[in-house]
Amino acid sequence: MTDAFFRTLARDAAGAYPRHERFARHFAVGKLTRDPAFAHLLRERLVPDESRVLDIGCGQGLVCSLLLAAHARHARGDWDARWPQPPAMARYIGIDLMQADVKRARSMAVHWQGKRQEWPTHSFIAGDMRDTEFPHADVAVILDVLHYVSYEAQVAVLERVKAALAPRGTLLLRVGDEAPTLRFRYTMFIDRLVMAARGHRLLRLWCRPVSAWRDELVRLGFQVEAVPMSAGTPFANVLLVARYDGSTP
C-alpha cells in the first residue's frame, strides 16, 4: 500500500531500534508500511519545520523515528523529489503508559542522536496521559489511544492539549469511527487482541462516531478536517486534523 521509497524510509526508521529488539524492528516495518497514517503525515507535511512535537500515547516512538529517518535521508541528498521536504523538528516529546515501549523509544532516540549532533531534543516519558504534564507544543499527535479512557477523561485530555498548543497549533487525532459496521467491529477486535498480547485487558473502550469527535473539538475552538484513513486496510479509522488559532479561551 506504500511506494518503494516510503518502504525504504520505514526500514531506516526500524533500523534505529537495537538489533536485539527484533520485535520492535519487525513491528516498526509492518506498522509504518501497512498503516496509511504515517505516509499521509509525511506526504501532507502535517509537521512543519521547527515544530515542537508532543506525541501522546507514542508507543515505541514510531512517528519520531520516521521523521528523523526522513530528515537524515534528505540531509544526505538521497530523497525522492515526488515527496515534499521532510520537517526539521525543534523538539520531540513522547508520553506512553507502557514502560517497555518507552524504553524502546529511548533506545531509538540514542541511535539517531549518535548520528548527528544537531538533532532536535528527544524525550520519552513513562506516564499516564490523564495526569502527565503536557509541555508547550506546535503539533500534538494522538493516534489510536484516546478511546482507552472515559469520556470525561477524553475531554480533560483534549482541554489540556488545547492549553499546551501554541497559536495556530495542530492536533492530529486518529480515531475509530464508531458505527454498527463490520469495519468498526473488526477495528475494535484487533485493538483488544493487540492490547491483550501486551498484557492489558480492556474491560471497556470509550468510542465515539467521528461526528461526535468533531463536535467536541469544534466546541473547544478547533477547526477540524476529517480525513479517512482506512485505504488498503479493513479498519474504520479517521484522522482528524484539528487546527487551533488560539482565539478561544
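Rule-based calculations on the coordinates, nothing more; no lab input. Fair warning: this is a prediction, and the values are worked out from it, not measured in the lab. Neighbour counts run over all protein chains shown; Cβ positions are idealised from the backbone, glycine included.
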How large is log10 I(q)/I(0) at q = 0.12, 0.17, 0.26, 0.30 Å⁻¹ when the Debye formula is applied to the Cα atoms of the range 1-61, each weighted equally and without solvent? -0.32, -0.64, -1.21, -1.28
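Could you work out the Kirkwood radius for the chain, taking every pair of different alpha carbons, averaging 1/r and inverting it, reported in Å?
That comes to 18.4 Å for the chain.
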Distant-in-sequence amide H partners of MET89 (H built 1.01 Å from N, under 5 Å): GLU50
Ranked highest first by average number of other Cβ atoms within 10 Å, how do 4-11, 61-68, 185-192, 169-176 line up? 61-68, 169-176, 4-11, 185-192
Within the chain, percent of DSSP bridges classed antiparallel, to nearest 5: 40
Phi-based couplings in Hz for the range 206-222 (Karplus 6.51, -1.76, 1.60; Gly and Pro marked x): 9, 9, 9, x, 4, 4, 6, 4, 4, 4, 5, 5, 4, 4, 7, x, 8
In terms of the alpha carbon gyration tensor, root eigenvalues a ≥ b ≥ c, rounded if a/c is under 1.5 and otherwise prolate when a/b exceeds b/c or oblate, the range 120-171 is oblate
Would you please give the residues with an amide H less than 5 Å from that of ARG208, counting only those at least 5 places away or on a separate chain, with H modeled from the backbone geometry? GLU178
Helix-only estimate, please: 222 nm mean residue ellipticity of the chain, summing -39500 (n - 2.57) across DSSP H runs of length 4 or more and dividing by its residues, to the nearest 500. -13000 deg cm²/dmol
Whole-Hz ³J(HN,Hα) for each residue in the range 11-21, computed from phi via Karplus 6.51 cos²θ - 1.76 cosθ + 1.60 with θ = phi - 60°, x for glycine and proline: what do you get? 5, 4, 5, 5, x, 6, 7, x, 4, 6, 8
Working note, the range 51-106: Cα radius of gyration (Å, one decimal) and Dmax (Å, whole number) are 12.8, 38
So, how do all the Cα-to-Cα distances of the range 39-177 break down into 5 Å bins, in percent, from 0 on up? 2, 10, 20, 23, 20, 14, 7, 3, 1, 0
Per residue of the range 135-151, what does 6.51 cos²θ - 1.76 cosθ + 1.60 with θ = phi - 60° give for ³J(HN,Hα)? Whole Hz please, x for Gly and Pro, Karplus curve as stated. x, 4, 8, 9, 9, 10, 10, 9, 10, 6, 10, 5, 6, 7, 10, 4, 4
Could you work out the Kirkwood radius for the range 137-228, taking every pair of different alpha carbons, averaging 1/r and inverting it, reported in Å? 14.2
